[in-house]
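Here's the structure, in structure tokens; my notes come after.
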Amino acid sequence: MKTLVQTDFGRDHLLIGCVHTLALPGTPLYDRSGGMRKIVRQAKEEAKILEEAGFHALLYTNESDMPYEANMPIEVVAAMTEVIAECQAQTTLPHGVNMLIDPPASIAVAHATGGRFVRAFLTGGLVGDIGMMAPDGARALRLRAHLGAENIRIICNVTPGFSINLDTRPVEQKASGAVFIGLADIVCVGGPAAGKEADIAVIESVARQVPDTPVAVGTGVAEENIARLAEVAELFIVGTSIKYDRQTLNPVEPRRAQALVRAYENRKAA
């Protein structure tokens, strides 16, 4: 349903600001001295900055938990659930979850915290910095059905990050498969890594291939290109470009976040 963003959120487009949490308990970069209080404090500060800048929604993701796990440990799931609950108590923005790289964990945390969407891989096979990955879309969709959580929309990645796709079909065919076989609600096109711009010609091609499905841009969305991207896609997941020095794991810089929202809002006057 191409009008999903309008139906679910009352908007033509959805600007989604990423809250990249600090490393969670049990992961290599976890700060034991700071503990959960430090993690919660950082996430609340960034959620507030994004809301005040004018973003339409938040996406919580455990970006600092490298290397990522296809089967999320219970301590990480519990920690993220607590972080999101604390953050959402202070905001009215809708939110989503991206537990890297475990779609069922994303759905479970979203369901527990009132999330409206998740970002995940449902189909294909990948190899690269994340190791070997064969997304279990069937398990994810069955969990969503079991929970009665069909209101949680799935933004399905159809291009890989930090890896290559072993499925060598054109990305347009992968997008069709993600919708027909994977039952994706939204398809997401990104660049080769966090912060890297997606090829706008590929975004346009995917949009033509799945004309009844909204398209998200998953990487490289910035102040300089948001106006052009808004002509071909409906959702924008924004992280690296609004960080200090445009480094993915740096804190959100309020000035950059505000500038991106202004560029979006002023696009029709340009």
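Please treat every number below as a calculation from the coordinates, not as lab data. Predicted model, so just to flag it, every value in this text is computed and none were measured. In this analysis, Cβ positions are derived from the backbone assuming ideal geometry, glycine residues included, and neighbour counts consider all displayed protein chains.
Here is the link list: Lys44/Lys243; Lys2/Lys44; Lys2/Lys174; Lys2/Lys243; Lys196/Lys268. Which ones come out longer than 27 Å on Cα distance? Violating the 27 Å limit, Cα to Cα: Lys2/Lys44; Lys2/Lys243.
The mean sequence distance of close C-alpha pairs (under 8 Å, at least 6 residues apart), as a share of the length of the chain, puts its relative contact order at 17 percent.
Across the stretch 236-243, coupling constants 3J(HN,Hα) worked out from phi with the 6.51/-1.76/1.60 Karplus curve, θ = phi - 60°, read 9, 9, 10, x, 4, 5, 10, 8 Hz, and Gly and Pro carry x. Summary of the geometry: the stretch 188-261 and the stretch 107-122, compared by the centres of their Cα atoms, lie 20 Å apart. Taking amide hydrogens as placed 1.01 Å from N in the peptide plane, the amide H of Val19 sits under 5 Å from those of Leu59, Tyr60, Thr61, each at least 5 positions away in sequence or on another chain.
In deg cm²/dmol and to the nearest 500, what is the mean residue ellipticity at 222 nm of the chain if only DSSP H runs of at least 4 residues count, each as -39500 (n - 2.57), divided by the residue total?
Working: 9 runs with 97 residues, N = 270.
Only helices count here, giving -11000 deg cm²/dmol.
Counting every other Cβ atom within 10 Å of each residue's Cβ, Met72, Met133, Met1 order from fewest to most as Met1, Met133, Met72. Only one residue of Leu59, Thr113, Val221 has its Cα farthest out toward the positive end of the dipole of the stretch 4-269, where Lys and Arg carry +1 and Asp and Glu -1 on Cβ, and that residue is Thr113.
Hey, with R₀ at 35 Å, roughly what FRET efficiency would Asn151 and Ser33 work out to, going by the Cβ-Cβ distance, to 0.05? Write out the running numbers ahead of the final one.
Values: r = 39 Å, r/R0 = 1.12.
It comes to 0.35.
The phi torsions of the stretch 122-136, fed into the Karplus equation with coefficients 6.51, -1.76 and 1.60 and a -60° offset, translate into couplings of 10, 9, x, x, 10, 8, x, 4, 8, x, 8, 9, 10, x, 9 Hz, rounded to whole numbers, with Gly and Pro shown as x.
First check a/c for the chain, with a ≥ b ≥ c the square roots of the eigenvalues of its C-alpha gyration tensor; if it is under 1.5, answer rounded, and if not, answer prolate when a/b is larger than b/c or oblate otherwise. Rounded shape, in that the Cα axes give a/c under 1.5. For the stretch 179-188, the Karplus equation 6.51 cos²θ - 1.76 cosθ + 1.60, evaluated at θ = phi - 60°, returns couplings of 7, 7, 8, x, 6, 5, 7, 9, 9, 10 Hz by residue, with Gly and Pro reported as x.
For the chain, with only Lys/Arg (+1) and Asp/Glu (-1) charged at the beta-carbon, what is the dipole magnitude about the Cα centre, in debye rounded to 20? Mind showing how you got there, number by number?
Values: 26 positive and 31 negative charges, 48 e Å.
The dipole of the chain has a size of about 220 debye.
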